[in-house]
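Data block below; observations after.
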Amino acid sequence: MNGPEIHVEFAPELHVFLPQARRAGTLRATTDGVSSLGHVVESLGVPLTEVGALVVDGREVPVSHVPAAGESVTVRTVARPQRVPGAPLRFLLDVHLGTLARRLRLLGVDTAYESTDIGDPALAARSAAEQRVMLSRDRGLLRRRELWAGAFVYSTRPEEQLRDVLDRFQPDLRPWTRCTACNGLLREATKNEVADQLRHGTHATYDVFAQCTECGRAYWKGAHHEQLEAIVERALAEFGS
């Protein structure tokens, strides 16, 4: 780009997307005179999924605004809670976010997950076809125009990832209603119905079971239940309705 120069200031939360040398104060950006402000912001490294209001010389403008020479641009972060119009709130996670997917499902949040790398075009197409919010740490994926909606996962720690997603989107929580393996809905099941999945000790010790209506997997309050219960209780304490 070698056209009009503008001045851009990013919200501190967005500095993670900028090179270290460009994170302090206002930066200068040279445009080509025809590209939209949204394109300019993305060319500086910030996915539009993370951008809230764009303010030019004190007035809010759309991402389609074509900046003129000398304009001062403030790029704000997405307002929370973020509302996703047009569909029940549900998510799609890429191959790197398996633990987050299981924890969202534990809380009863509709969460699709690809356990293999099917590629960015296929992920974006599924997001659009099923109207799911794409969660990823892949900035390139989040820039794809065919996405229904998307959000960057800022942390690499599953507990922080979960809290950030719940804080940003505030989905309805219905713990213990979804299969953590496939996202199917659970139903109550008798011991006889799931007997083929039980070892002798489990068969003798437990009497309350649930089963996935999609994949048939059986659930009971086993050795890891206290750990899962703690995750559920923390989420409900902070984000439960």
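The values are calculated or read from the model by the stated rules, or taken from the named source; none is laboratory data. If you're wondering where the values come from, they're calculated on a predicted model, not measured in any experiment. Neighbour counts are summed over all protein chains in view; Cβ atoms, including those assigned to glycine, are modelled from backbone coordinates with ideal geometry. The protein model used for the area step is the full one, side chains on, heavy atoms only, and it has no ligands, DNA or RNA in it. Shrake-Rupley method; radii C 1.70, N 1.55, O 1.52, S 1.80 Å.
Residues checked against (1) farther than 23 Å from residue 227 by Cβ; (2) in contact with a Lys or Arg (Cβ under 9 Å, 6 or more places away or on another chain); (3) not assigned by the TED database to the domain that holds residue 48:
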| residue | (1), (2), (3) |
| --- | --- |
| 139 | yes, no, yes |
| 142 | yes, no, yes |
| 145 | yes, no, yes |
| 152 | yes, yes, yes |
| 155 | no, yes, yes |
| 164 | no, no, yes |
| 169 | yes, yes, yes |
| 180 | no, yes, yes |
| 187 | yes, no, yes |
Within the bounds of region 66-76, is there any residue that is within 25 Å of residue 233 (Cβ to Cβ), surrounded by 14 or more Cβ atoms within 10 Å (Cβ to Cβ), of a type outside the set (Gly, Ala, Ser) and touching a Ser or Thr at 6+ places or on another chain (Cβ under 7 Å)? no
Does residue 116 satisfy the criteria of being of a type in the set (Ser, Thr, Tyr) and more than 20 Å from residue 185 (Cα to Cα)? yes
For residues in region 136-182 being outside any helix (DSSP H, G or I) and basic (Lys, Arg), which is least open to solvent (accessible area, probe 1.4 Å)? 178
Before we move on, is residue 40 within 17 Å of residue 139 (Cα to Cα) and of a type in the set (Val, Ile, Thr)? yes
Of all residues in region 14-47, how many are open to solvent by less than 70 Å² (accessible area, probe 1.4 Å), of a type in the set (Ser, Thr, Tyr) and assigned to a loop (DSSP other than H, G, I, E, B)? 3
What's the number of the condition residue 135 fails, among (1) over 13 Å from the mean Cα position of the chain (by Cα); (2) under 23 Å from residue 79 (Cβ atoms); (3) touching a residue at least 24 places away in the same chain (Cβ under 8 Å)? (1)
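Taking region 52-65 on its own, how many of its residues are open to solvent by less than 60 Å² (accessible area, probe 1.4 Å) and in contact with a strand residue (DSSP E or B) (Cβ under 6 Å, 6 or more places away or on another chain)?
6
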Identify, by number, the condition in (1) assigned by the TED database to the domain that holds residue 183; (2) charged (D, E, K, R); (3) modelled with pLDDT of 95 or more that residue 114 doesn't meet. (3)
